[in-house]
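Quick notes on the structure that follows.
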Amino acid sequence: MTTHDKSLISHLLVGLQFTAIVIIAWPFMAQPDDRLQWLGISALGAIVGLYTLAHNKLGNFGIYPEPIPDACLITTGPYQWIRHPMYTSLLLFMLGIALYKHAWPNYLGMALLALAILGKMRREEAHLHLKFADYSDYVKRTHRLIPRIF
C-alpha cells in the first residue's frame, strides 16, 4: 500500500469529522448578543488557519490523514512550534461556535471532532514517519496541537 491509498478507517475518520462539524453548528439559529464573545475563539482559529495557509499552500495537503504523493514537509511558520496547526485552527474555530451555541449537542459534536482529529493525527504521523526521513527529529522538537503543551 502506498501512502496515498485511503483506508476504511481514514474514510470513517473524515466522515466523523464532518458529521461533528454539522453537530457543532446545529441548530442554525441566532444566539443572544451576550454570547458573541465566544466567537472570538472562532476568529482566533480563522487567524491560525490563514497563517498556516501562508506557509503550507493548498495542494500540499488534503482532508485525509494519508499525505498526498508529492507532499513536502513544512517546518516554518506555525509548523516550527506545532505539527498540526490546521487541526488546531479547526478545533479553535469550532470550539468558539460550540461555546456560542451552548447546547449539549454542540458539546457532543466537539467531543466527536476531537476524537476524529486525534485519530487522524495518529494515522497521519505514522505515514509521515514513513515518508520523511527527518520526521522523527521534527517530532522531537515540536508539539502536536498546542505549543509547549500538547
**Q.** Candidate set: the range 104-121, residues that are over 12 Å from the mean Cα position of the chain (by Cα) and surrounded by fewer than 17 Cβ atoms within 10 Å (Cβ to Cβ); chosen: the one nearest to Leu91 (Cα to Cα)
**A.** Ala111
Q | Among residues of the range 76-112, those that are hydroxyl-bearing (Ser, Thr, Tyr) and over 18 Å from Gly49 (Cα atoms), counted | A | 2
Q.
Name the residue that is nearest to Glu124 (Cα to Cα), counting only residues in the range 83-98 that are touching a Phe, Trp or Tyr at 6+ places or on another chain (Cβ under 9 Å) and aliphatic (A, V, I, L, M).
A. Met86
Q. Pairs, please: C-beta under 8 Å, at least 6 apart or cross-chain, first residue acidic (Asp, Glu) and in the range 113-136, second surrounded by 18 or more Cβ atoms within 10 Å (Cβ to Cβ) and not in a helix (DSSP H, G or I)?
A. Glu124/Pro65; Glu124/Glu66; Glu124/Pro67; Glu124/His84; Glu125/Arg83
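So for the range 15-22 (the condition being within 16 Å of His84 (Cβ to Cβ), in a helix (DSSP H, G or I) and modelled with pLDDT of 95 or more), does at least one residue qualify?
Checked against the condition, which is being within 16 Å of His84 (Cβ to Cβ), in a helix (DSSP H, G or I) and modelled with pLDDT of 95 or more, the range 15-22 yields at least one hit.
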Q) So, of the residues in the range 58-94 that are more than 14 Å from the chain's Cα centre (by Cα) and either farther than 26 Å from Ile9 by Cα or of a type in the set (Phe, Trp, Tyr) (or both), which turns out to be surrounded by the fewest Cβ atoms within 10 Å (Cβ to Cβ)? A) Thr76
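The values are calculated or read from the model by the stated rules, or taken from the named source; none is laboratory data. Bear in mind the structure is a predicted one, so any value in this text is a computation, not a measurement. Positions of Cβ are generated from backbone atoms using ideal geometry, with glycine treated the same way; all protein chains shown enter the neighbour counts.
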